[in-house]
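Just so it is clear, none of the values below were taken in a lab; they were calculated from the coordinates. For clarity, every value in this text was computed on a predicted model and none was experimentally measured. All Cβ positions, even for glycine, are placed from backbone atoms using ideal geometry, and neighbour counts span all protein chains on display.
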Amino acid sequence: MLMRILIIGFEYLPVKVGGLAEAITSIAEGLAKLGNEVVVFTPDHGSNLGEPAGSFKVSAFGRSVHITVRMREQNGVTVYSFGGGLLSERDVYGPNWENLLRKTVLFGKASVGLMNGLIETFKPDVIHAHDWHTVFALGLLKKYFGIRSVFTVHRLNKAKIPAHYFHDANLPELAPYPDIDPEHTAGYIADAVTTVSRSYLWEEWGFFRHFEGKVTHVFNGIDCSFWNEELMETKDIPREERRRLVLERFGLSDGKAFMFIGRFDRAQKGVDTLLRAIEVLSADPAFREMRFIIIGKGDPELERWAKAVGNRFPENVRVITELLSRETVRELYGSVDFVIIPSYFEPFGLVQLEAMCLGAVPIGSAVGGIKDTVIDINSGQNATGILVPPRDAFALARAMVFAKELDEETLRKLRENGKRRAREDFTWENACRRYMRVYEGAVDKAVPFLR
């Protein structure tokens, strides 16, 4: 059944901070491609995209705020973006916590203001809200229009909000305590709750159990049309030669190439585990033939540590802290042998699938979406990579030595399996068809006594 769908999210391409924008945009466009009428509400964040489509005033925090609305058609989706006051602040999630909370309240009130004007010509069959920043919009739209809703957790934030923000949003009934969990509140409001991988759902069951009977998973997708060897500048060169050229570009001699790309942080991505693993490996004879390209930025202390490891092992390690274009990253995925994803947790994760699309074999932590997308080499003929325990530098070091020693036929099979799995099992079309079943209430649920 084709539907009218309203999607609310704090990011929408081309406004992007992390992976959230790509996910929300891919879901909206995928649903539109299936024939649904899809409308998006999102803050403008100072981008001024689209044509003026109206304005109105809302009262917020003791004063009147003039809200401007812009509209654009983007790949079959109607996108409304809100400006005015903090909604025009270019720092999407800043510059501080208080401003972010005020921005989310204003987004909620603006969403109701626009829906009030659209409701006679566009009444959604379902509202699909993404991550905690939409809690006020979701609550207000539910309060005033009573439309069926779905709340998707892309990553749990686990922060609480002072109750007065719910009073400011005209939602005092949702604030019985001094501090409120916005994710729990959004899940309580919604008719269905989803998250982006099966394993992440069970790893965070302490949270999701509160929505037992209405919670399920919907895997994200990957756009293999971009992460495609046919688009590489070096597509006509054998992979080993591509690797040699890439390593040469970074001032390294040829050898088995391992790449990390991601944020340098202590909370999630695990670059510290990789750095410790390299130090462990340095005592192994196999290290002489191993090359490491580490790409990312973030925590200054981790950046210094990474650069110190690079300086200590100049023949083996290169650290790049500058931002690389997606096209450059595509060339790297299509040239290196292995991609390392040592995350502590990962709701879904895209790096392993981007790597698989381009024939790099993932070596990743057995957590969340990594565990759901990468089939371990010990699991038989369909294997796509290697899984290791998180936070275990010794296990990661052993896995990398094991990977280095794999014969070419095994590597070829892993690459073929990875490409096929990424392109067939994790498409956005698959994700959007499952979301439609969620909207209709016709999808399997997470049941704790069924595993």
* Asked: Working out 0.36 nm times the residue gap between E424 and F394, then minus their Cα-Cα distance, what length gain in nm do you get to one decimal?
  -> 7.4 nm
* Label-point separation, D223 to D376 (7 Å along Cα→Cβ), nm -> 3.4 nm
* To do: State, to one decimal in nm, how far the label point of S55 lies from the label point of Y188, with both points 7 Å from Cα in the Cβ direction.
  => 3.7 nm
* **Selection from P124, N75, W97 lying farthest towards where the dipole of region 75-167 points positive, charges on Cβ** => W97
* Structure fact -> Dividing the mean separation of Cα pairs under 8 Å (6+ apart) by the residue count of region 229-425 yields a relative contact order in percent of 21 percent
* To do: Note down the nm distance, to one decimal, between modelled labels 7 Å out along Cα→Cβ at R304 and at F449.
  => 5.5 nm
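Viscosity 0.890 mPa s, temperature 25 °C: what is the translational diffusion coefficient of the chain from Stokes-Einstein with a Kirkwood Rh over Cα pairs, rounded to a whole number of µm²/s?
Values: Rh = 23.2 Å.
After rounding, the answer is 106 µm²/s.
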* To do: Once you have the Cα-Cα distance between M1 and V17, take 0.36 nm times their residue separation minus that, and quote the gain in nm to one decimal.
  => 2.4 nm
* To do: Check cross-link reach from K235 to the lysines: straight Cα distance under 23 Å, and skip same-chain residues fewer than eight apart.
  => K256, K413, K419
* Structure fact -> Highest mean packing first, using Cβ neighbours within 10 angstrom, the peptides 264-275, 409-420 sort as 264-275, 409-420
* For region 298-314, list residues with backbone N below 13 Å from a point placed 7 Å from the Cα of S282 toward its Cβ? -> 305-314
* Asked: Near K158, which lysines are there with a Cα under 19 Å away, not counting those fewer than 8 places off in the same chain?
  -> K103, K269
* Provide the FRET efficiency to the nearest 0.05 for the D179-L324 pair, computing r from the beta carbons and using R0 = 56 Å. => 0.90
* To do: Please arrange S81, S325, S282 by counting, for each residue, the other beta carbons lying within 10 Å of its beta carbon, fewest first.
  => S325, S282, S81
* Asked: If you place +1 on the Cβ of every Lys and Arg, -1 on the Cβ of every Asp and Glu, and leave all else neutral, what size is the dipole of region 368-451 about its Cα centre, to the nearest 20 Debye?
  -> 200 debye
* Indicate, rounded to the nearest 5 percent, the antiparallel portion of the DSSP beta bridges found entirely in the chain. => 30 percent
* To do: Just rank W428, W305, fewest to most, by other beta-carbon atoms within 10 angstrom.
  => W305, W428
* Asked: On full extension of the chain, what length is gained from T234 through I119, given 0.36 nm per residue of separation minus the C-alpha to C-alpha distance?
  -> 36.2 nm
* Helix-only [θ]222 nm of the chain, DSSP H runs n ≥ 4, -39500 (n - 2.57) each, per residue, nearest 500 -> -11500 deg cm²/dmol
* **Dipole magnitude (debye, nearest 20) for the chain, charges at Cβ of Lys, Arg, Asp, Glu** => 520 debye
* **Distance from region 382-451 to region 116-143 (C-alpha centre basis), Å** => 34 Å
